[in-house]
Amino acid sequence: MNITQLLFWLLTVIAIGSALMIVTSKNPVYSVLGLIVTFFAISGHYILMNAQFLAIVNIIVYAGAIMVLFLFVIMLMNLSRATETLKNKWLQIVGAIAGSCLFLVLIAALKNTEIKKNLVEMGTGDIGLVKSLGRELFTTFVVPFEISSVLFLSAMIGAVVIGKKE
Amino acid sequence: MNAVLLSGLLGVVMMFASFLFRTKAPVRILAILGMAVLLVANVLDTKGIHFFHVNTTGFLSFTGYALFFNTIVIACTLIFFLISSKDMQKVGNHYAEYFALIFFILTGIFLVTAFTNLLILFIGIEIISIPLYILTGSAKKDLKSNEAALKYFLMGAFSTGVMLMGIALIYGATGTFDITKMNIAGLLKSNLLTAGMLMLLFSMCFKVSIAPFHFWTPDVYDGAPNVFTSFMATIVKVGIFVGFLHLFYTAFDAIALQWKIWMAVLAALTLLVGNITAVFQQSVKRMLAYSSISQAGFMLFALVAMNETAHEGLLLYAIAYCLATIGVFGIISKMTDYSFDGFNGLAGHQPLVALCVAIFMLSLAGIPLSAGFLAKFYMLKAVIQAGGYMWLVIFGVLMAAVSAYYYFRVIQAMYFKEGPNHFSGISAFEKCVLVGICVLIVFTGLFPNIIFGWMYF
């Protein structure tokens, strides 16, 4: 086991551990912090796969902008107290069964997808670099790229419609 | 491609109109004119005259079916503008922005009907969904509207997540996003593909409110402002349905054995839940929300049948269902009381309006000589032709009979009961539009061949 593989397993343990922390912790602030750690760990995975651009964007957009916004909302709304609402027992049982079924299906789906090559792709393949990504985006994928501008424009108009004072 | 680009541009134009015009009338006229231009552009596209020459690099393919369906969608939206655009003023101050959002939604519908790549499907569905969340919550002072928007947003975002997961799994199994190049037949035993296909199926079912993914529908349709309920229950729903059919017809036909029986079960369950619950409603608006669920069950017959008749039937269903429901909602948004009692004695106060409502209800129930009858007939015929699902056909006929009960309840209230006037008045022009819709419904019911002739021309 060389150092990159060690790094891979370390990042994996961190990612899964912090992901578990998100759902198990009673305090929403801890959940958000766990989510940030998960994002960082996944960014580490991206770097191991030689996808620098994705790693940086993941940190800037998700860990940087969105999670800080999340944290602010939770702090401003003062949700940090653990307020466990009493849930219906049957609903909990049904939820557990449904979740387990989904888990089973996903395991079945993923059981044939073993990793045939290396776990990490250090120094090989350049698809994740900014240059080749940009070239793909403006040649092969230019249609969806341009069309998504309509999506963002409509979201902006929506923000004005919802947020502006009447 | 004409319609996609033009509708996006018209959305931007409507955005600028919001600060260029001080009054509301020019905004409305501009929107109606824009929709008419869009209609002409799309018809020209069907005839082979393209304004824009865009190399879509295999992401979009505008077949004759998709273009013809787009024409129907634009024509229905034009009718919707003619009858309901005045009532949009009552919703809030952002009159021009509502039109801009509707133009953007149309862009999304055109993408969803013509995609050949799952990326475009995803972007199209999102372009449809996000403006709809906003339109649902546009009545900001109304608590019910706020609740509906939040509910719709949370559920919709979750189902979009499921859809993305499904697309990712399908990519993992096939190695491509292109639905024409997937080579599904070679992957019959792939669990990865099956799981991805099921996730895609569930999220699409959510978007068109198929039971048991329908729980958001009554609350959202009931809470949203009347004019926008009218739009999203009709045009948006049939638009996504065509995308749904296109996706499963093109991509997953080779593994039909895996999902067809479930599609039939979903259709039966949707018909049962929609119709039985609609019977117990007290508000006409909420009844129409459940009726839209049950009509979605009928439209799902097209996905069970998967043949030429099913494609034609879905077109007819789109026409029949959109016209009738837009008409009814056009009238409901002029009523002060939406309950069944509010319709009491409407025939005495407004004979013409009551007659129109009666025709819409008859068409929705599927009474012969109306477009609704023919649409249901085509759906049942398609399933019989496909063979093997006779129980579904019988069940569908039974449920259509149940649906007659709650549609006729409105007619009974209008003609055989007495009550005070809850109708706030209607202009002569809007009366003409209503009569025009009725004529279209009866005309489509009598001469469907003219529509199909136009489609294949």
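The values are calculated or read from the model by the stated rules, or taken from the named source; none is laboratory data. Values in this document were obtained by computation on a predicted structure and should not be read as measured data. As a convention, Cβ positions derive from the backbone with ideal geometry for all residues, glycine included, and neighbour counts pool all protein chains shown. Surface accessibility is based on the protein's heavy atoms, side chains included, excluding ligands, DNA and RNA. Shrake-Rupley method; radii C 1.70, N 1.55, O 1.52, S 1.80 Å.
Loop-located chymotrypsin sites (Phe, Trp or Tyr not before Pro) across the stretch B:150-226 with a Cβ neighbour count of 15 or fewer within 10 Å are B:PHE215, with loop assigned by DSSP. Taking amide H positions as modeled 1.01 Å from N, with prolines and chain starts lacking one, the residues under 5 Å from B:LEU60 and 5 or more places away or on another chain are B:THR116.
Interface residues of the stretch A:142-165, defined as those losing at least 40 Å² of solvent-accessible heavy-atom surface relative to the isolated chain (probe radius 1.4 Å), are listed as A:VAL143, A:PRO144, A:ILE147, A:VAL150, A:LEU151, A:LEU153, A:SER154, A:ILE157, A:VAL161, A:ILE162.
Of all complete DSSP H helices in chain A, those with a Cα span along the helix axis of 27 Å or greater and a mean Kyte-Doolittle hydropathy of -0.5 or more are A:3-24, A:28-48, A:89-110, A:142-163.
How shielded is B:54-62 by partner chains, expressed as the average number of their Cβ atoms within 10 Å of its Cβ atoms? Let's see the in-between values first.
Numbers: counts 3, 2, 4, 6, 2, 6, 3, 0, 0.
Whole-number average of other-chain Cβ neighbours for B:54-62 is 3.
With a 1.4 angstrom probe, the accessible area lost at the A-B interface totals about 2500 Å².
The Cβ shell under 13 Å around B:ILE128 holds other residues with a net charge of +1, Lys and Arg each +1, Asp and Glu each -1.
Add -39500 (n - 2.57) for each DSSP H run of 4 or more in chain B, then divide by its residues: what number comes out at 222 nm, to the nearest 500 deg cm²/dmol?
Numbers: 19 runs with 339 residues, N = 457.
Computed ellipticity for chain B at 222 nm equals -25000 deg cm²/dmol.
In terms of its C-alpha gyration tensor, the protein assembly as shown has a prolate overall shape, because the principal axis ratio a/c (a ≥ b ≥ c, square roots of the eigenvalues) is not below 1.5 and a/b outweighs b/c.
With the full set of protein chains in place, find how many percent of the accessible area of chain A is carbon and sulfur; take the probe as 1.4 Å. Walk me through the numbers before you get to the answer.
Values: 8850 of 11830 Å².
Solvent-exposed carbon and sulfur of chain A make up 75 percent of the total.
Accessible surface area normalised per residue over the stretch B:2-456 is 35 Å², counting heavy atoms of protein chains with a 1.4 Å rolling probe. Note on chain A: helix-only mean residue ellipticity at 222 nm, from DSSP H runs of 4+ residues weighted -39500 (n - 2.57) and normalised by residue number, equals -22500 deg cm²/dmol.
Can you compute the FRET efficiency between A:VAL23 and A:PHE72 using 1/(1 + (r/R0)^6), with r the Cβ-Cβ distance and R0 = 25 Å? Round to the nearest 0.05. Before the final figure, lay out each step's value.
Details: r = 22 Å, r/R0 = 0.87.
Once rounded, the FRET efficiency stands at 0.70.
List the pairs from A:LYS26/B:LYS207; A:LYS164/B:LYS151; B:LYS47/B:LYS334; B:LYS151/B:LYS285; B:LYS181/B:LYS376 whose alpha-carbon separation is above 29 Å, in the order I gave them. Where the Cα-Cα span goes over 29 Å, the pairs concerned are A:LYS26/B:LYS207; B:LYS47/B:LYS334; B:LYS181/B:LYS376. Note down the relative contact order for chain B as a percent, whole number, built from C-alpha pairs under 8 angstrom at least six residues apart. Reported relative contact order: 14 percent.
Surface composition of chain B: carbon plus sulfur atoms hold 71% of the accessible area, using a 1.4 angstrom probe and ignoring ligands, DNA and RNA.
Given +1 at the Cβ of Lys and Arg, -1 at the Cβ of Asp and Glu and no other charges, the dipole of the protein assembly as shown around its Cα centre is 640 debye to the nearest 20.
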